[in-house]
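The values are calculated or read from the model by the stated rules, or taken from the named source; none is laboratory data. Keep in mind the model is a prediction, meaning the values are calculated, not measured. Backbone-built Cβ (ideal geometry, glycine too); neighbour counts: all protein chains shown. Accessible surface areas use protein heavy atoms only, side chains included; no ligands, DNA or RNA. Shrake-Rupley method; radii C 1.70, N 1.55, O 1.52, S 1.80 Å.
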Amino acid sequence: MKLFIDTADVAQIREAWSWGILDGVTTNPTHVSKTGRKPGEVYREILDIVDCPVSLETVTLHAPEIVAEGRELAKMHRNVVVKVPLIKEGLKAVKVLSVEGIKTNVTVTFSPLQALLAAKCGATYISPFVGRLDAIGHFGMDVARQTKVIYDNYGFSTEIIVAAVRHPTHVLEAALAGADICTMSFDILSQLYDHPLTDIGIDLFLKDWARVPK
Ligand code: E4P
């Protein structure tokens, strides 16, 4: 499973990229607003740091405007993926962009049938928001699981990005569900390395090594 970082914080992206396990970056308007910087400036810096797909989100609601935004974003760099919301106008835009060879990530997705529509329009990626579904008493990961079955049944090449993850167990569930990608915060990505028995084990080995005659 590919691991993406979900942030617009360039320091976090630079650090995670240095770990050698990062396969992509997803941003959204909330992440960009937290930086307090101009979007174009932030996007250019991210695209300079990493060499992998970088999702940049459109912020208009009518197909012609979304297409125009998408074309402009795509011009910035070959790694740009245009993030488009799952609404009718959004999917109309995805269809046009995909015919032009522009990669898209269909976002704010909450059902497997929405995911089917996105795949039919040629979306490169689909992003079900599992944590937001969990938060209202649903089993968010079911959307990823059911989407995978539908995509496998009909041979769609759209890749599933499990998004809005809240803890490492979501990452585990995504991998067990066969999701192509999981996108997560810097903190969750970092937590994937941690296990208390690893720390205890290393500590013990180093203490024993100190007693070895040299
Ligand atoms: C994914 O691409 C989204 O940016 C992200 O996961 C949104 O989810 P959240 O704001 O609920 O964390």
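Quick look at the numbers
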quantity: Check on residue 169, loosely packed, with under 14 Cβ neighbours inside 10 Å and either touching a strand residue (DSSP E or B) at 6+ places or on another chain (Cβ under 7 Å) or of a type in the set (Ser, Thr, Tyr) (or both); calculated: yes
quantity: Pair list, Cβ < 9 Å and 6+ apart or interchain, from the stretch 1-28 residues that are among the aromatic types (Phe, Trp, Tyr) to residues that are part of a loop (DSSP other than H, G, I, E, B); calculated: 4/22; 4/23; 4/52; 4/53; 17/50; 17/51; 17/52; 19/193
quantity: Sole residue being open to solvent by 10 Å² or more (accessible area, probe 1.4 Å) and within 13 Å of the chain's Cα centre (by Cα), chosen from 108, 149; calculated: 108
quantity: Identity of the residue in the stretch 31-62, within 16 Å of the ligand (Cβ to nearest atom) and open to solvent by 80 Å² or more (accessible area, probe 1.4 Å), that ends up nearest to residue 189 (Cα to Cα); calculated: 34
quantity: Yes/no for residue 69 being under 17 Å from residue 103 (Cα atoms) and touching a residue at least 40 places away in the same chain (Cβ under 8 Å); calculated: no
quantity: Given (1) free of Cβ contacts under 8 Å to residues at least 60 places away in the same chain; (2) out of contact with any Pro (no Cβ under 6 Å at 6 or more places or on another chain), index of the condition residue 127 fails; calculated: (1)
quantity: Test result for residue 123, closer than 16 Å to residue 81 by Cα and part of a loop (DSSP other than H, G, I, E, B); calculated: yes
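Let's see how each residue does on (1) assigned to a loop (DSSP other than H, G, I, E, B); (2) within 14 Å of the ligand (Cβ to nearest atom); (3) under 30 Å from residue 77 (Cα atoms):
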| residue | (1), (2), (3) |
| --- | --- |
| 114 | no, no, yes |
| 131 | no, yes, no |
| 137 | yes, no, no |
| 150 | no, no, no |
| 169 | no, no, no |
| 182 | no, yes, yes |
| 194 | yes, no, no |
| 207 | no, no, no |
| 214 | yes, no, no |
